[in-house]
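One structure is given below, encoded as structure tokens.
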Amino acid sequence: MKIRVFLADDHAVVRDGLKSIIEKKAPDIIVAGEACDGQEALCLLKTAQAHIAVFDIAMPRLNGLEAASRLLKRDPKALIILLSMYDNKTFIEQAFSMGVRGYVLKESAPDEIIRAIRTVYTGQYYLSPRIAHYVVRGFAAKQGRQRTVQRPACTLTPREKEVLQLVAEGNSTKEIAAKLQRSANTIHVHRNRIMEKLNIHNQAELVRFALKEGISAL
């Protein structure tokens, strides 16, 4: 039986490149579906019957980290690999804490993606070698601290994280309302609650927080 993989990346060139590599070099793997953002991926994965989902972190509308979190809540056994341009410890530790099984740097993805897919499919974890050394050293200590100290982002609801990402991407209240199919007043309420929960008072601080916490990778 072939390994069925779902690819989600907002750049068609990247998706096509990964698909081409898989088709040429991995006869045991088939691309079962594609999406251009996290929202579309979550919708299509309901019927794609994929064994593994490969998400880019920096997707619009719903980033890869939040899409992964929602997929794992829907299906705790889901196997997810994240692609990223960033060797950011916050992103990596957050990903593995929520249950992601692989993290591959985009610069090495063409060479590593097949290896990562096969590794994760067998029930193991995969991390790009370039970033594995410092992640392993710091992860256990960070996990210990998180048991007693709640990260600020954990206080936000999934909808609030979604609104925060769209704010960080530069969308206006009206634009966010249109994308989420909610009223502008509802978005305004969400935004005020976010700022109150985080004790943040302006948009620049919101953007910095979103970048630091991996809610936005732009």
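Along the Cα-to-Cβ line of ASN88, 7 Å from the Cα, sits a label point; which residues in segment 175-218 have backbone N less than 17 Å from it?
What the label zone holds, given the 17 Å backbone N cut-off, is 204-218.
Highest first, please rank the peptides 86-94, 47-55 by the mean number of other Cβ atoms sitting within 10 Å of their residues.
Going from most to least packed, we get 47-55, 86-94.
Given LYS46/LYS174; LYS77/LYS212; LYS174/LYS197, which pairs have Cα atoms separated by over 24 Å?
LYS46/LYS174; LYS77/LYS212, as the Cα separations exceed 24 Å there.
At what distance in nm do the modelled label points of LYS197 and ARG74 sit from each other, each positioned 7 Å from its Cα along Cα→Cβ?
The two pseudo-label positions are separated by 2.1 nm.
Over the chain, what is the mean sequence separation of C-alpha contacts under 8 Å (at least six apart), divided by residue count, expressed as relative contact order in percent?
Once divided by the residue count of the chain, the mean separation gives 17 percent.
Charges at C-beta only: +1 for Lys and Arg, -1 for Asp and Glu. How large is the resulting dipole of the chain about its Cα centre, in Debye rounded to 20?
Value, rounded to 20: 700 debye.
Using 7 Å Cα-to-Cβ label points, what is the VAL14/ALA132 separation (nm, one decimal)?
The answer from the label model is 2.3 nm.
How many percent of the alpha carbon pairs in segment 3-146 exceed a separation of 23 Å?
27 percent
Give the angle, between 0 and 90 degrees and rounded to the nearest 10, that separates the Cα long axis of helix 109-121 from the longest principal axis of the Cα atoms of the chain.
90 degrees
Any idea what angle helix 89-98 forms with the longest principal axis of the chain, computed on alpha-carbon atoms, 0 to 90 degrees, nearest 10?
80 degrees
Multiply the residue gap between VAL189 and ARG115 by 0.36 nm, knock off their C-alpha separation, and tell me the result in nm, one decimal place.
Additional length available on full extension: 22.1 nm.
Using per-residue counts of other Cβ atoms within 10 Å, averaged over each peptide, order 97-108, 116-127, 161-172 from highest down.
Going by the mean number of other Cβ atoms within 10 Å, highest first, we get 161-172, 97-108, 116-127.
Throw me the Rg/Rh for segment 152-212, computed over C-alpha atoms with Kirkwood Rh, two decimals.
0.92
Please determine, in degrees from 0 to 90 and to the nearest 10, the orientation of helix 184-198 with respect to the longest principal axis defined by the Cα atoms of the chain, where the helix direction is its Cα long axis.
90 degrees
First measure r as the distance between the Cβ atoms of GLU107 and LYS2, then evaluate 1/(1 + (r/R0)^6) with R0 = 30 Å and state the FRET efficiency to the nearest 0.05.
0.65
Each reported figure results from applying straightforward, stated rules to the coordinates on display, with no laboratory input. Computed from a predicted structure; not experimentally measured. Note: ideal-geometry Cβ built from the backbone for every residue, glycine included; neighbour counts use all protein chains shown.
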